[in-house]
Amino acid sequence: MVRAGLTTERVVRAAADLADIVGLDSVTMSALARSFGVKDASLYSHIKNVSELRERIALLAAEEIADRFGAAVAGRSGKDALVAFADAYRSYALERPGRYAATQLRIDPALAAESAGALRKIDLTYSMLRGYGLAEPDLTDAVRLLRSTFHGFVSLEAGGGFGHPRDLGASWERAVEALHIALENWPASGSRTSGRRRTS
């Protein structure tokens, strides 16, 4: 019998909230059932297992992040867009640690097809970087550079990995400034060198 008041959306949002408090790895069907005051079986009418639950948290997070990215970069381009995008990324990761951790999971393609959030997040990232005049394969390389830098920084920050007293906000600003310079001076390779002849 389906528990009155429980829906898949409500279950996933409750799981996401729990993940932000206790950590994604500590989110189990039993822990979530206890938070609702129901038996585990009541949740299986909505979510088949904990793996699907965590993937659905990731999809929820993708929707939320895409909304933040969209609002941040609207009407901006170049460095202004990059700074706004970066700050939106960092603030979400620090404010919603459990949700953010879920975004690092590999999602079942069939489940991912249910949500446009992940694709919208990717589209917004690529659109922002096209403002620097990049084309493939440089565009994908630049996306990977941003993701590596942002994820590395926020993961270390969240885990207390930066021991130096230097203000973290200041370091973040300098890191984003360095990325801006790198994007404006992207090394000639890939699509930019196609058809060029090497000269001595």
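Any chance you could give the angle, 0 to 90 degrees and rounded to 10, that helix 78-95 forms with the longest Cα principal axis of the chain?
Once rounded, one gets 30 degrees.
How far, in nm, would the chain grow between Ser148 and Thr8 when pulled straight, counting 0.36 nm per residue and subtracting the alpha carbon separation?
47.2 nm
Show me, for the range 43-58, the HN-Hα J-couplings you get by feeding each phi into the Karplus relation (A = 6.51, B = -1.76, C = 1.60, θ = phi - 60°), rounded to Hz, glycine and proline as x.
With the stated coefficients, the range 43-58 comes to 7, 6, 6, 10, 10, 6, 6, 5, 5, 5, 4, 5, 5, 5, 5, 4 Hz.
Between helix 168-184 and the chain, what is the angle of the helix's C-alpha long axis to the longest principal axis, kept within 0 to 90° and rounded to the nearest 10?
50
As an exercise, use a Förster radius of 30 Å and the Cβ-Cβ distance of Glu114 and Ser91 to find the FRET efficiency, rounded to the nearest 0.05.
0.70
Using the Kirkwood radius over Cα pairs, work out the Stokes-Einstein diffusion coefficient for the range 24-130 at 10 °C and 1.306 mPa s, in µm²/s as a whole number.
Answer, rounded: 105 µm²/s.
Under 8 Å for C-alpha pairs, at least 6 residues apart: give me the relative contact order for the chain, rounded to a whole percent.
Result for the chain is 21 percent.
Heavy atoms only, probe 1.4 angstrom, no DNA, RNA or ligands counted: give me Arg147, Arg54 ranked by accessible area, highest first.
Ranked list, largest accessible area first: Arg147, Arg54.
At 222 nm, what helix-only mean residue ellipticity would the chain give, in deg cm²/dmol to the nearest 500, using -39500 (n - 2.57) for each DSSP H run of four or more?
Result for the chain, helices only: -20500 deg cm²/dmol.
Tell me, what HN-Hα J-couplings in whole Hz come from the Karplus equation 6.51 cos²θ - 1.76 cosθ + 1.60 at θ = phi - 60° for each residue of the range 123-135, using x for Gly and Pro?
Ordered by residue, 3J(HN,Hα) equals 4, 5, 5, 5, 5, 4, 6, 5, x, 8, x, 8, 10 Hz.
The values are calculated or read from the model by the stated rules, or taken from the named source; none is laboratory data. Keep in mind the model is a prediction, meaning the values are calculated, not measured. Note: ideal-geometry Cβ built from the backbone for every residue, glycine included; neighbour counts use all protein chains shown. Only protein heavy atoms, including side chains, enter the accessible area calculation; ligands, DNA and RNA are left aside. Shrake-Rupley method; radii C 1.70, N 1.55, O 1.52, S 1.80 Å.
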